[in-house]
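Accompanying notes for the structure given below.
The values are calculated or read from the model by the stated rules, or taken from the named source; none is laboratory data. Quick caveat: nothing in here was measured; it's all calculated off a predicted structure. For the accessible areas, the whole protein counts, side chains as well, though only heavy atoms, and no ligand, DNA or RNA atoms are used. Shrake-Rupley method; radii C 1.70, N 1.55, O 1.52, S 1.80 Å.
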Amino acid sequence: ARRAHHRRRQGHGAALSLLKDAAAWAASTPLAQALRDGAWLYPVVEIVHIVGFTVLVGAAAMFDLRLLGFGRTLPVQALGRHLLPWSWFGLLLIVPSGLLMFSTQPELLDNDVFLLKLALIVAAGVNALVFHAGPWRGAAGWPAGAPAWARLHAALSLLLWIAVIACGRLLAYV
């Protein structure tokens, strides 16, 4: 067991080393340099990131709250059809802007809060995928409200996104 744990840690170390090499390369690009040196470029990218997160998490939170029983007069499937495109739009803003901001600070890979933020984002994504592949497929049969399994996904989604936001804010202080 001890030997297997050591091999897993070595595998994680190799992946992290590869990621650090890629981050160092990205930090050396002219675009990363422009983001670091320009007075307005980084703040504009950060604003795009914040707007994207507002749209994504806002849409997710509204849907999650509906699943948890708020706004029962709103049909779940119609709300989902309305909010899902907004979530994708938010994601389209978040990913490139986040990568651009990260390219200016590759040392964030040594920051536990940043790594926790990334892990929480992955967990939120997996939660959404599992929800859409599982409980959501039966949403047409939820006239009286979402089943417990769907409500669990909704509560987990809210907690994960709040934790992601908290980690993002903590990065300014740690």
> Per residue of the chain, what 222 nm ellipticity follows from adding -39500 (n - 2.57) for every DSSP H run with n ≥ 4, rounded to the nearest 500?
Replying inline: -27000 deg cm²/dmol
> What shape does the range 95-174 take by its C-alpha gyration tensor, where a ≥ b ≥ c are the square roots of the eigenvalues and a/c under 1.5 counts as rounded, a/b above b/c as prolate, and the rest as oblate?
Replying inline: prolate
> How long, wide and thick is the chain, going by the Cα atoms along their three principal axes, in whole angstroms, largest first?
Replying inline: 55, 52, 25
>> Can you give me the solvent accessible area of TRP149 with a 1.4 Å probe, rounded to the nearest 10 Å²?
In response: 150
> Share of the chain's accessible area from carbon and sulfur, percent, 1.4 Å?
Replying inline: 72
>> What does the C-alpha gyration tensor say about the overall shape of the range 10-55? Classify as rounded when a/c is under 1.5, otherwise prolate if a/b is larger than b/c, or oblate.
In response: oblate
